[in-house]
Structures are given as structure tokens and as C-alpha cells.
């Protein structure tokens, strides 16, 4: 566990400070509580689009990157279905520059026609190169739409289609900015060679004057309970068939979520996992296979994804996967296997805590979930999970009527 202090400004901004006197750098991490699940059909991809727009100019900063580089800093950002996260690293002695830059684009982003059109071209090109031109690049476009019928998780963060991105108007972009980019919808974490008193003063100086707003009231339509297996066959010019089988699982923080996380680790975590040993090394169908969860704030997915050996089909691969799952959970889960993945989880937690940026990001993300302490609570709950508890949840989660299966078939023509 690492120490932190937490305050809230009058305008709603949450500020978390993690002091590390051994570091000479500072991490400045600003999380906005907006991702693609806050978008509407026809206007998908706006959260990701704003990640690009935010690196343009603002009222007092002509070029964001150049202003940061002048003081020895660097920056980046990412968008997920649930959040948009911006982060900088810079010498602690230049910390105030980060406050100046980030507060200016929160309050005074320059949404000029030139900036909008420049970034529109960039995002359209990204869409084409990463999702349309790459082999298997459109998998999650198909898989999300198959698994979700109503929830905004049914489209990827970059957007549902090129037409949506092409159709953004300046008015819709401005409305999105006003609704989501303000202090009450953000969490700021400053970590490293900093002092709480200094950070608190700088936060009040630079962010305090920005007016507070009520968080946007966005009605997120939830999916009905899935009661029937869903399948989709896609043919594409890819080297081999691929199988993507997903199961609906509880939302983050809900009962069964951590068990689903442990199940994915137990089945597909590393070279000694059952999936790797039985289906790849000893089997003849899979060239590779893994398991993971989407980790969503709303109900997410437990994912099994694999690629077949040359000439073998995805439907045959699904039968092999189903057979392994049935055999594995028809017996008691070995306590040694469960303890092994718990040890791996602890090692990963330790590794994560070494890097200052990881600590800052985790503090921000778990504050978004409700409390930074949830970071350690989740780990403790996973560590106390018993084999019988895991088996019970395996039977509840791995039900065929809750599965969605994408057969991605190789078609050279």
C-alpha cells in the first residue's frame, strides 16, 4: 500500500497527492469520467476524438506538446469505454507548468474549424489503418455488436463507423466538451517528488477559478439478461480461422466480478495454463489461445480468443474449448493452481507499484470507482477466494445461453 492524501475543491475537482521523496520527477494524471459508454448512436467515437482535440491549442497555449517539452516533460493519453485519461511526466521543479497547461485546456480549449478538421482526418486514418486494413482488425466491431444489444459497449471507443466520425458537427463537439470537460467530472492525481501543501495550493490557483457544473445526466441503456447463445460467422482475407467466445459477467465491484477475473487467470494465465497446455501444446487445432476480462464499470465480458492452425476451422476449435472447460470444472480446482495465480497476482501488484506512473493511474482509476482504497480491497478479496467459491461462479458464468461466439473464418479470395 502506498500513502496518499485527498481533497476536493469547491468546484468539485477531486485532487489526490501521493508523495514519493525518492523521485525527482512528478506525474500529473487527470482522469475524466467519460468514455464511449456516454455516447449516443450516430455520434459514437466522440470521447476518443476529444483525446486528439485536447492536444491542440487552448486560449493561452498555442502548442501543448511544445510548451511541455520546453520544461523537460512528456505526455500521452488513452480512452476506454469508461474513462479518458491524460498524463504527463516532468521534473518536479517544473510542476506548475503542468497545472497551467492542463487547466487551460480544461477551461479554454480552442475548438477551431482547422483543429477539428485536422484531427478528424487523423482519426479517420487511424480507423482505416488499425481497424479496416489490419488482419482481424474489425473483430471487436463485430464482437461488441454481437454481445451487446442495447448498451453503448456495443461499439468500440474509436466509433461505430467512419460515417459517425465524418458527421461530427462543431455544435455536437462543443456540447460534448461542455458536458464532460469540467472540474466536477475529473480526478487529478499528482505523484512523485511533490508535497501535498504545494499541490493543494497549485490546484486551487489554477483549477479553483474554473466554474463548477453538474455532471451530465446520461441515461445508459442496460442490456436485458441474455437467455440464448448468439453466433456470427465472418469471412475475411486472414491467414487462419480465429475463434472469439465471450460470456457476460458482472460489472466491476459486483458479486462475481473478481471470481470471473480469477477464472480468466486460472484458465489462460501463462504458458503453464490449462488452455496453453491442453489446447496448444497437446492439441492439434489451436495455434494460440488466451483468456481475459474486459474489466468494465457496467457488466462486461469474459473472453476466450484463439487462432487456429492452418486449414482448421473455428467451429471445431470451439468444440475443443468447450470440452476443456467442461472437463476442468467437473473436478475440484487444485488448490495449488489457485494459489499459483494468486501469487502471480501479488507479483504483478508489486511490479505495478514500482512505477510511479502506475501508482498515479491506479489512484485515479479507483477513485473513479468510488475510493482509491478499492485498489487494495480488490486484491485482498481475490487473495481470500476459495476453490469452491470459484467453481460455483464458473458454473454460473460459463453458461452456453450467456455466450456470444464469433467465428472469424479465413477466405483467401
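Derivation of every value follows stated rules applied to the coordinates shown; laboratory data play no part. What you are looking at is a predicted structure, and each value in this text was computed from that prediction instead of being measured. Don't worry about glycine lacking a Cβ; one is built from the backbone with ideal geometry, like all the others, and counts go over all protein chains shown.
Pull out a ≥ b ≥ c, the square roots of the eigenvalues of the alpha-carbon gyration tensor of the stretch 1-109, then state rounded if a/c is under 1.5, prolate if not and a/b is larger than b/c, and oblate in the remaining case. The shape class here is oblate.
Segment residue 69..residue 197, full-extension length gain: 43.5 nm, with 0.36 nm per residue of separation and the alpha-carbon distance subtracted. Largest GNM mean-square fluctuation among 316, 352, 171, using the chain with Cα springs under 10 Å: 171. With R₀ fixed at 51 Å, the C-beta to C-beta distance from residue 205 to residue 330 puts the FRET efficiency at about 0.20.
Between 225, 238, 15, the GNM of the chain built on Cα springs shorter than 10 angstrom shows 225 fluctuating the most. Length gained on full extension, residue 117 to residue 129: 2.5 nm, using 0.36 nm per residue less the C-alpha separation. Principal-axis analysis of the Cα atoms of the chain puts helix 374-383 at an angle of about 20° to the longest axis.
Find the centroid of the Cα atoms in the stretch 274-311 and in the stretch 212-266, then give the distance between the two in whole Å. Here the two parts' Cα centres lie 15 Å apart. Compared with the dominant Cα axis of the chain, that is its longest principal axis, helix 387-397 is turned about 90°. Comparing 71, 34, 190 in a Gaussian network model of the chain (Cα springs below 10 Å), the most mobile by mean-square fluctuation is 71. Here is the tail figure for the chain: Cα pairs spaced more than 31 Å apart come to 46 percent of all pairs.
The overall shape of the stretch 230-410, judged from the alpha-carbon gyration tensor, is prolate: a/c is not under 1.5, and a/b is greater than b/c. Hull volume per residue, based on the alpha-carbon atoms of the stretch 118-159 and their convex hull, is 53 Å³.
Straightening the chain between residue 310 and residue 271 buys 11.9 nm, computed as 0.36 nm per residue apart minus the Cα-Cα spacing. On the basis of the beta-carbon distance and an R0 of 41 Å, residue 6 and residue 161 show a calculated FRET efficiency of 0.50. With respect to the chain, whose longest principal axis is taken over its alpha-carbon atoms, helix 196-206 is tilted by about 70°. If you bin every alpha carbon distance in the stretch 5-206 into 5 Å steps from zero, what whole percent lands in each bin? Spelled out bin by bin, the stretch 5-206 gives 1, 7, 15, 18, 18, 14, 11, 9, 5, 1, 0 percent.
Distance between the C-alpha centres of the stretch 332-397 and the stretch 2-63: 25 Å, rounded to the whole angstrom. Under the simplified labelling scheme, the residue 255-residue 93 pair shows an inter-label distance of 5.7 nm, with each label point 7 Å from Cα along Cα→Cβ.
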